[in-house]
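Only one structure is covered here, and it is reproduced in the block below.
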Amino acid sequence: MKADDDWSPFTSRAGFELTEFVFTDAELSQKKINKLLELWAATLIPHGNLPPITNHKDLHRQIDAVELNNVRWENTCLKYKGPLPRTTRHPEWKTTGYDVWYRDPHQVIKNILASPDLEGHVDYVAYQEFNGEKRQYGNLMSGNWSWQQSVRFVQRLFSPSL
Amino acid sequence: MAAIRTFRATFVFAEFITPASQDIIAEDLSTHGSMFIPIILGSDKTTVSVATGQNDFHPLYLSIGNVQNHIRRAHKNALVLIGFLPIPKG
């Protein structure tokens, strides 16, 4: 957990609230964001100071640096590498490169498990639930499949040595 | 990067299939002491146009079986968008 006064990657609380206001609430264009920040800077420069955000690029950089529940988007290009028919016209997809956008699933899963909002609503182990004698099925971890996958019975012989 | 419509996940799991022993994770001793995390992947027919324009993509979502059902359906952090799969044109 972060400290209450830790607004990183934003420079300050004002920086965070400014970002939220221009980006999420007002949805200002990049041009308007730059204009606003230039005016803001003009009032601060005589006092040897700068606004919490320099321009729209700086704003996007700060947003992209947010770590909470954020996993970087990565991109790769996939292309068919198999044989092409010599005689007939080949379909377009055989020669086109396709962008695949993805995020590291391992990191995404870690974030889900670390999410404070889900506290108390995560089953860490498989379980069996009964209503009297009757088995109750509810969440995935209460099912037979989860139980079989994660429980292994070891048979031990009781052999008292005399 | 793209406008995604609200996605509600429901899934069905079969109780009657008994996996063969080589498909049971607990039979692999090197997994003992680890947490069992079933991965749930989903996609749908909705295509999204990403800002760059030309291509349509299928969104790919991930959740884990450890999250209780009522939360997975209700909470945005329990179902995460992890990919955009391009749709090739014929």
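Each reported figure results from applying straightforward, stated rules to the coordinates on display, with no laboratory input. A quick note: this is a predicted structure, and the numbers were derived from the prediction, not measured. Ideal geometry is used to build each Cβ from the backbone, glycine not excepted, and the neighbour counts take in all protein chains shown.
Here chain A is assigned +1 on the Cβ of each Lys and Arg and -1 on the Cβ of each Asp and Glu. Its dipole about the Cα centre then comes out at about 1160 debye.
In terms of overall dimensions, the protein assembly as shown has a Cα radius of gyration and Dmax of 25.5, 94 angstrom.
With a 10 Å cut-off around each Cβ of A:71-82, the average count of Cβ atoms from other chains is 1. Note on A:129, A:119: ascending count of other Cβ atoms within 10 Å places them as A:119, A:129, the fewest first. Placing pseudo-labels 7 Å out from each Cα toward the beta carbon at residue B:44 and residue A:17 gives an inter-label distance of 3.7 nm. Gyration tensor over the Cα atoms of the range A:13-64: the corresponding equivalent ellipsoid has semi-axes (square roots of 5 times the eigenvalues, largest first) of 18, 12, 10 Å. Each residue of the range A:141-148 is assigned a 3J(HN,Hα), and the resulting list reads 6, 9, x, 5, 4, 4, 5, 4 Hz, derived from the Karplus form 6.51 cos²θ - 1.76 cosθ + 1.60 (θ = phi - 60°), x at Gly and Pro. The modelled label-to-label distance between residue A:8 and residue A:87, using points 7 Å beyond Cα along the C-beta direction, is 6.7 nm.
Give me the inter-chain shielding for A:122-134: mean count of other chain Cβ atoms within 10 Å, whole number please.
Across the residues of A:122-134, the mean count of other-chain Cβ atoms within 10 Å is 2.
The label-point distance for residue A:38 and residue B:87, in a model that sets each label 7 Å from Cα toward Cβ, rounds to 4.2 nm. Near residue B:85, the amide H atoms lying under 5 Å from its own belong to B:58, B:60; only residues 5 or more places off or on other chains count, and H is placed 1.01 Å from N. For the peptide A:22-33, the mean number of other protein chain Cβ atoms found within 10 angstrom of a residue's Cβ is 0. Cross-link partners of residue A:134 among aspartates and glutamates, defined as those whose alpha carbon lies under 17 angstrom from its own and excluding same-chain residues fewer than eight positions apart: B:15.
Note down the Stokes-Einstein diffusion coefficient of the range A:1-112 in µm²/s, whole number, using a Kirkwood radius over alpha carbon pairs, 10 °C, and 1.306 mPa s.
The calculation lands on 88 µm²/s.
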